[in-house]
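Peer 1: I'd like to ask some things about the structure below.
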Amino acid sequence: MTEPKLEAQPAEPATRHWDVAIVGAGYVGVPLARLLAQSGKTVLLVDVAEEVVAGVNGGESHIEDVPSAELGPLVADGRIAATSDYDALRDADAIVVALPTPLSKQREPDITILVDAVNGIAARLRPGHLVVLESTTYPGTTREVVLPILAASGLEVGRDFHLAFSPERVDPGNTRWRPESVPKIVGGISDACTERAAELYQGAIDQVHRVSSPEAAELTKLLENIFRSVNIALVNELAQLCDRMNIDVWEVVDAASTKPFGFMRFEPGPGLGGHCIPIDPFYLTWKAREYGFYTEFIELAGKVNENMPYYCRSVISQALNHGRQRSLKGSTILVLGVAYKPDISDTRESPALKVIELLRNAGALVAYHDSHVPTVPELELESVALDPAAYDCVAVVTDHSGIDYDDVVERAQLVVDFRNATGERGRHSDKVWKL
């Protein structure tokens, strides 16, 4: 009797060769791993969270944009694996850093996580390594912070190892633009570094755009998000003015959008969310002060956008006073949507969380409904059933597509719509207030 034939198993992550190692298995790292693996590369994800490592190695994805149905086969084929062991970096040809770069409580850049990771890489750096930073940061980080740490190993950049910056351009929930169709910006410490980094992404991404330096690449990412921040601030400010002038800001935006040239549509809302737009501009304003320059335009936009949750609380209070003859204190309010954008579960920097906090501070009894976000631990809240009639006011903060807003208007006693989700129905209803 012959013994059953055993299928070959992938080598342990820490003991085999990898084309690419990605430090950070999050919103950037996992989609990038899938993209590179689908192009034929072997990819190792390195993360300190053991539960994330175990999930990836089990073929289970914790990132919505990468379904387990896509990740699982790549793991089974040995093209993606995960580990918490930084020693495995020695056996990768390229190392990509995709870690969060938040702000401190003082609203200044906090690159502690990034620096700790680079120190871990430096201890394992070897000749032939390519290191690419994808984490959003201020101009000069790659050259002034990362390079000295790596060079302390005794290896020379451009000869023994290569170093470049290539900003991530992940847009969670975006089904229109596939990751491979979004051009990749690459800027290296030297021309050789730029070319080596470009080679990493070629084959996986349709277009690689080279720039002259990592500083140019770093500032490119900031410009992209600052552009959105200042334009959103413009329409947010206009929305407040329209409220005083008794003009429907949504009608104005719709009308302006009919112009086929010289106008780009931006919409007002309760504030900015996600890891990029609310944070990235402050990386540049902080760096600019080093040169005796004050980015007043950028900082003003930040001020306008950060004030929007406070303005939204005021609108809800006015709506209750005039529409229900009730004060905010003691009123029951259902917040629709707590994710920072429609049809995803990501609550990072979501303005809904600030709105809820402010309403609670004013004495309101607040619940929320969001089928994408079952719990909000930091607020000790769980999503409730959608029952608009049970509340004094329903506030639409995130306009998920799975909600029947006509039904919400029909059943609710009062609706405050910060996203124009109720459309024409809301525009002509006496019980709907809009931003």
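Peer 1: Pull up the range 175-209, narrow it to residues that are among the charged types (D, E, K, R) and over 22 Å from Glu156 (Cα atoms), then point me to the one that is least open to solvent (accessible area, probe 1.4 Å).
Peer 2: Among residues in the range 175-209 that are among the charged types (D, E, K, R) and over 22 Å from Glu156 (Cα atoms), the one least open to solvent (accessible area, probe 1.4 Å) is Lys184.
Peer 1: Moving on. Scan the range 65-105 residue by residue and report those that are under 22 Å from the mean Cα position of the chain (by Cα), under 30 Å from Thr141 (Cα atoms) and not hydrophobic (A, V, I, L, M, F, W, C).
Peer 2: Of everything in the range 65-105, those that are under 22 Å from the mean Cα position of the chain (by Cα), under 30 Å from Thr141 (Cα atoms) and not hydrophobic (A, V, I, L, M, F, W, C) turn out to be Asp65, Pro100, Thr101, Pro102, Ser104, Lys105.
Peer 1: Tell me which residues, restricted to the range 1-32, are within 15 Å of Arg90 (Cα to Cα), of a type in the set (A, V, I, L, M) and either touching a Pro at 6+ places or on another chain (Cβ under 9 Å) or modelled with pLDDT of 95 or more (or both).
Peer 2: Val20, Ala21, Ile22, Val23 - these are the residues of the range 1-32 that are within 15 Å of Arg90 (Cα to Cα), of a type in the set (A, V, I, L, M) and either touching a Pro at 6+ places or on another chain (Cβ under 9 Å) or modelled with pLDDT of 95 or more (or both).
Peer 1: Please enumerate the residues belonging to the range 345-363 that are open to solvent by less than 20 Å² (accessible area, probe 1.4 Å), touching a residue at least 40 places away in the same chain (Cβ under 8 Å) and not acidic (Asp, Glu).
Peer 2: Within the range 345-363, Ser350, Pro351, Ala352, Val355, Leu358, Leu359 qualify.
Peer 1: I've got another one for you. Evaluate the following for Leu89: is it part of a loop (DSSP other than H, G, I, E, B) and closer than 23 Å to Leu200 by Cα?
Peer 2: no
Peer 1: Those residues that are open to solvent by less than 30 Å² (accessible area, probe 1.4 Å) and not in a loop (DSSP other than H, G, I, E, B), I need them from the range 370-387; list them, please.
Peer 2: Val376, Leu379, Leu381
Yes/no matrix, rows are residues, columns are (1) of a type in the set (A, V, I, L, M); (2) touching a residue at least 60 places away in the same chain (Cβ under 8 Å); (3) buried (at least 24 other Cβ atoms within 10 Å of the Cβ); (4) over 21 Å from Asp116 (Cβ atoms):
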| site | (1), (2), (3), (4) |
| --- | --- |
| Gln38 | no, yes, no, yes |
| Val43 | yes, no, yes, yes |
| Val53 | yes, no, no, no |
| Ser61 | no, no, no, yes |
| Ser68 | no, no, no, yes |
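Peer 1: Separate question: Scan the range 385-435 residue by residue and report those that are closer than 18 Å to Pro351 by Cβ and among the hydroxyl-bearing types (Ser, Thr, Tyr).
Peer 2: Within the range 385-435, Thr398 is the sole residue that qualifies.
Peer 1: Which of the residues belonging to the range 139-154 are in contact (Cβ under 8 Å) with a residue 24 or more places away in the chain and open to solvent by less than 60 Å² (accessible area, probe 1.4 Å)?
Peer 2: If the condition is that a residue be in contact (Cβ under 8 Å) with a residue 24 or more places away in the chain and open to solvent by less than 60 Å² (accessible area, probe 1.4 Å), then Pro139, Gly140, Thr141, Thr142, Val145, Val146, Leu147, Ile149, Leu150, Ser153 are the ones that fit.
Peer 1: Shifting gears a bit: Out of all the residues in the range 273-318, which are surrounded by fewer than 22 Cβ atoms within 10 Å (Cβ to Cβ) and acidic (Asp, Glu)?
Peer 2: Glu290, Glu296, Glu299, Glu306 - these are the residues of the range 273-318 that are surrounded by fewer than 22 Cβ atoms within 10 Å (Cβ to Cβ) and acidic (Asp, Glu).
Peer 1: Could you count how many residues in the range 388-420 are open to solvent by 10 Å² or more (accessible area, probe 1.4 Å) and either outside any loop (DSSP other than H, G, I, E, B) or free of Cβ contacts under 8 Å to residues at least 40 places away in the same chain (or both)?
Peer 2: Counting residues in the range 388-420 that are open to solvent by 10 Å² or more (accessible area, probe 1.4 Å) and either outside any loop (DSSP other than H, G, I, E, B) or free of Cβ contacts under 8 Å to residues at least 40 places away in the same chain (or both) gives 8.
Peer 1: For Arg159, only one of the following conditions fails: (1) open to solvent by less than 10 Å² (accessible area, probe 1.4 Å); (2) assigned to a loop (DSSP other than H, G, I, E, B). What is its number?
Peer 2: For Arg159, the exception is condition (1).
Peer 1: Continuing with the same structure: Test Gly330 against the stated conditions and say whether it is outside any helix (DSSP H, G or I), within 19 Å of Val415 (Cα to Cα) and out of contact with any Lys or Arg (no Cβ under 6 Å at 6 or more places or on another chain).
Peer 2: Judged against the criteria, Gly330 is a match.
The values are calculated or read from the model by the stated rules, or taken from the named source; none is laboratory data. Here the structure is a predicted model, which means the values were calculated and not measured. Here the Cβ is made from the backbone with ideal geometry for all residues, glycine too, and neighbour counts use every protein chain on show. Accessible surface is based on the protein model in full, side chains and every heavy atom, while ligands, DNA and RNA are left aside. Shrake-Rupley method; radii C 1.70, N 1.55, O 1.52, S 1.80 Å.
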